[in-house]
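Asks: This is the structure, below, for whatever I ask next.
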Amino acid sequence: MNFQLDFFSLKGKTALVTGARTGIGQAIAVGMAASGAHVILVGHQNNMQETQEEITKVGGKFDTYLIDLSDVENLRGKIQPLLKKHEINILVNNAGIIYREPAAQHPEDEWNRVMNVNVNAVFTLCQEVGNQMIQNGSGKIVNIASLLSFQGGINVPSYTASKHAVAGLTKALANEWAAKNIQVNAIAPGYISTNNTEALRNDETRSTAILERIPAGRWGQSEDIAGAAVFLASKASDYVTGHVLVVDGGWMGR
């Protein structure tokens, strides 16, 4: 066996992480930096200071690009200058939005907005960065799916549809690109304490019901996702592709 001490190291790699300003994206970006990667922070707001400071604390390096992922029509043009400057070894499609309203009243414009960020932008980035990876002969792509890649949810039809699509896209790209030495996987976080779940955590009835079903007995933290992302970005996962890794405190096993 040829196990190496740096099996999980990302030294010498460049990782592009979308939605890196807060929450899961921030934790993944810092985790990648702590593992040695040069991290490209991508978000639509210029307040990346907290993430930048956390990366600096762990001795990491970063560059920041302000790109509105909801502007899908112009996304390819905006990503090209980044790809000309950087060789991306790891792509983490974390950015995502959610809209809560019963299906019968769910506005079409909100459906389209969620799909643009959660699906269309993910495909565009996979395609653009994936083409660079194909040319370079290797790469790792990690998409952020959800428990709602497997379940229906309540009052979130657009989000549920988008996360089912992310899981399907992950498997489709994995099938096509495995022979090109590109591994494409996804992480399905459980109920994580982030901005997206604030409404649920503030609803005492829903929050209690959720906690009662989680065997771990707690809401997940963003840092719980970072280790899984580093694994899927590292050499340790070279024979893992097309997989949706659930990180949920045991929710799906119940």
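The values are calculated or read from the model by the stated rules, or taken from the named source; none is laboratory data. Small disclaimer: the values here were computed from a predicted structure and weren't measured. Cβ atoms come from the backbone with ideal geometry, glycine included; neighbour counts cover every protein chain shown. Side chains included, ligands, DNA and RNA excluded: accessible areas come from the protein's heavy atoms. Shrake-Rupley method; radii C 1.70, N 1.55, O 1.52, S 1.80 Å.
Asks: If you filter the stretch 210-254 for chymotrypsin sites (Phe, Trp or Tyr not before Pro), then keep DSSP loop positions with at most 13 other Cβ within 10 Å, what is left? Walk me through the intermediate numbers first.
Replies: Numbers: sites: 219, 231, 239, 251; in loops: 219, 239.
Sites meeting the loop and neighbour criteria: 239.
Asks: With 10 Å bins from zero, work out the P(r) of the stretch 5-58 over every alpha carbon pair and list the percent per bin.
Replies: Each 10 Å bin holds this share of Cα pairs: 29, 55, 15, 2.
Asks: Which value results when the Cα radius of gyration for the stretch 96-165 is divided by 2.2 N^0.38 Å?
Replies: On the way: Rg = 14.3 Å, N = 70, 2.2 N^0.38 = 11.1 Å.
Rounded to two decimals, the normalised Rg is 1.30.
Asks: Could you check how much of the accessible area of the stretch 105-159 is carbon and sulfur, as a whole percent, using a 1.4 Å probe? Could you put the intermediate results ahead of the total?
Replies: Details: 1000 of 2160 Å².
The nonpolar share, carbon plus sulfur, comes to 46 percent.
Asks: Counting heavy atoms of the protein chains only and a 1.4 Å probe, report the per residue accessible area for the chain as a whole number of Å².
Replies: Numbers: 12150 Å² over 254 residues.
For the chain, the solvent-accessible area averages 48 Å² per residue.
Asks: Provide the per-residue ³J(HN,Hα) series for the stretch 185-202, in order, calculated from phi with Karplus coefficients 6.51, -1.76, 1.60 and θ = phi - 60°, each as a whole number of Hz, with x at glycine and proline positions.
Replies: Calculated HN-Hα couplings, in order: 9, 9, 10, 10, x, x, 7, 9, 6, 9, 4, 5, 9, 4, 4, 5, 5, 7 Hz.
Asks: Within the chain, which complete DSSP H helices have Cα atoms spanning at least 15 Å along the helix axis and a mean Kyte-Doolittle hydropathy of 0.0 or higher? Don't jump to the answer; show the numbers that get you there.
Replies: Numbers: long enough: 23-34 (17 Å, 1.47); 75-85 (16 Å, -0.53); 121-136 (22 Å, 0.22); 157-177 (30 Å, -0.21); 223-233 (16 Å, 1.37).
Helices passing the filter in the chain: 23-34, 121-136, 223-233.
Asks: Taking all protein chains in place and a 1.4 Å probe, what share, in percent, of the accessible surface of the stretch 184-254 do carbon and sulfur account for?
Replies: 49 percent
Asks: Further, regarding this structure: Which value, in nm² and rounded to one decimal, describes the direction-averaged projected area of the C-alpha convex hull of the chain?
Replies: 14.2 nm²
Asks: May I have the convex hull volume per residue, in Å³, for the Cα set of the stretch 123-254?
Replies: Output value, Cα hull per residue: 110 Å³.
Asks: Summing -39500 (n - 2.57) over the DSSP H runs of n ≥ 4 in the chain and dividing by its residue number, what mean residue ellipticity at 222 nm do you reach, to the nearest 500 deg cm²/dmol?
Replies: Calculated at 222 nm, the ellipticity per residue is -12500 deg cm²/dmol.
Asks: Using a Cα-Cα cut-off of under 17 Å, which aspartates and glutamates could be cross-linked to residue 180, ignoring same-chain neighbours fewer than 8 residues away?
Replies: 87, 128, 238
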